[in-house]
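Remarks on the structure that follows.
The values are calculated or read from the model by the stated rules, or taken from the named source; none is laboratory data. Values in this document were obtained by computation on a predicted structure and should not be read as measured data. All Cβ positions, glycine included, derive from the backbone under ideal geometry; neighbour counts span all protein chains shown. Quick note on the areas: whole protein, heavy atoms, side chains included, nothing else; ligands and nucleic acids left out. Shrake-Rupley method; radii C 1.70, N 1.55, O 1.52, S 1.80 Å.
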Amino acid sequence: MALYIVGHKIPDSDSICSAIAVAYLKNRQGIEAIACKQGDINPETTFILDKFGLDTPITKNSFAGVDTFITDTTDLTLCPDDIMDANVIGVVDHHKLGDLTTSTPLEAWIRPVGCSNTIVKEMFDFYGVEIPKDIAGIMLCAILSDTVIFKSPTCTKADTKAVKELAEIAGIENPKELGIEMFKIKSEVEGTSIRDLVKRDFKDFNMNGTKVGIGQLEVVDLSVFDSMKDDLMKDLEALKVEGDRHSVLLLLTDIMKEGSELLISSNDESKIEEAFNQKPKDSKMWLDGVLSRKKQIVPFLEKVFK
Ligand code: MN
Ligand code: MN
């Protein structure tokens, strides 16, 4: 029986590239492994796979009875819906420990670093398997994406070290330059529908029984959103009602100014005010220095929903 490797719902570059890299590693270890994804890939990931000539993983949504390796999450809301009926044999992740449980022992690679691919690099080193050029390239890009080119407070020495070593393997002279090129692709928002933008990088969180959806768009210049902010706000409200969510938030992150504008649709805005110690104005607020949903947004919301 083949082993399926899959990242979180609404896959980002880390989820896709880690699935491809872990599948390669497992195959080299003599285990037939197939990289897959839950949902479509985003423009940034398309750019990365094209650049290094790698195929997009297959789409797979049902994992009941299947050997599965999860990457880039351990939250049930982000895992495949039937993951509790799957045979989870391993996880690699860099988020808070979620609510995924298994019925048998598993291979668990979880570390507080900036990107799952940094840990996947450690897996290759641990097992003494060489990383091919193309796989090294996509792993490097995923780390640049998740760490916002090393600017995110989630970035650690392990991430910069991994990028240095992967750049050598992939023959990339200037990883930062490649990172900027990637974020320019990410910043192209015109021609995309409002709903697709809100959901491009969107995660639902179960905060002590309260459902909160948080999206994030990282761009090199926030002015690209000037003409669409009203429509974005309207769509957040619609998503809140449709998904029976308490709140829907959208982080518009300016990676050059290093901060985020938070757009809010909430059944109780005072919760958001309490979390960030700031009164929203027209359901918006500027959060200086905030680049990371995982480290600078989610923990503060979880505190007020306790
Ligand atoms: Mn991710
Ligand atoms: Mn990640």
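Take the Cβ atoms of E269 and T160, set R0 to 30 Å, and the FRET efficiency comes out at 0.20.
A cut-off of 5 Å between modelled amide H atoms, ignoring neighbours fewer than 5 places along the same chain, links F205 with V212, G213, I214. Relative to the longest principal axis of the Cα atoms of the chain, the long axis of helix 157-170 lies at roughly 50 degrees. Size descriptors for the range 62-148: radius of gyration and Dmax over Cα atoms are 13.7, 37 Å. Taking only Cα atoms of the range 118-197, what ratio of Rg to Rh do you get with Rh as the Kirkwood inverse-distance radius? With Rg and the Kirkwood Rh in hand, the quotient comes to 1.05. Multiplying the residue separation of D196 and V129 by 0.36 nm and subtracting their alpha-carbon distance yields 20.3 nm. Relative contact order of the range 194-248, taken over Cα pairs closer than 8 Å and 6 or more residues apart, is 39 percent. Between I31, I110, I143, the GNM of the chain built on Cα springs shorter than 10 angstrom shows I31 fluctuating the most. Any idea how far the Cα center of the range 43-68 sits from the one of the range 193-214, in Å? Using only Cα atoms to place each centre, the spacing works out to 21 Å.
What do you get for Rg/Rh of the range 194-304 when both radii come from the Cα atoms and Rh is the Kirkwood radius? Walk me through the numbers before you get to the answer.
On the way: Rg = 12.7 Å, Rh = 13.8 Å.
Using only Cα positions, Rg/Rh for the range 194-304 is 0.92.
Both radii were evaluated on the Cα set of the chain; the Rg over Rh quotient, with Rh as the Kirkwood radius, amounts to 0.96.
Calculated accessible area for the range 194-304 comes out at 44 Å² per residue, all protein chains present (probe 1.4 Å; ligands, DNA, RNA ignored). With no solvent and one equal point scatterer per Cα, compute the Debye intensity ratio I(q)/I(0) for the range 3-184 at 0.10, 0.12 Å⁻¹ and report its log10, rounded to two decimals. Values returned for q = 0.10, 0.12 Å⁻¹ are -0.34, -0.49.
So what is the relative contact order of the range 94-153, in percent, for Cα pairs below 8 Å that sit 6 or more residues apart?
Relative CO of the range 94-153 lands at 32 percent.
Stretching the chain fully between K303 and S283 yields a gain of 5.2 nm (0.36 nm per residue, less the alpha carbon separation).
Axis of helix 229-242 versus longest Cα principal axis of the chain: the two differ by about 70°, to the nearest ten degrees.
Can you compute the FRET efficiency between D231 and L97 using 1/(1 + (r/R0)^6), with r the Cβ-Cβ distance and R0 = 35 Å? Round to the nearest 0.05. Can you show the working numbers first?
Details: r = 37 Å, r/R0 = 1.05.
About 0.45, to the nearest 0.05.
In degrees, nearest 10, range 0 to 90: what is the angle between the Cα axis of helix 175-186 and the longest Cα principal axis of the chain? That helix lies at roughly 50 degrees to the long axis. The relative contact order of the range 123-170, computed from alpha carbon pairs under 8 Å that lie at least 6 residues apart in sequence, is 49 percent. Taking amide hydrogens as placed 1.01 Å from N in the peptide plane, the amide H of A35 sits under 5 Å from those of I5, each at least 5 positions away in sequence or on another chain. Here's the picture: charge each Lys and Arg Cβ at +1 and each Asp and Glu Cβ at -1 in the chain, and of A167, M285, F52 the one pushed furthest to the positive end of that dipole is M285.
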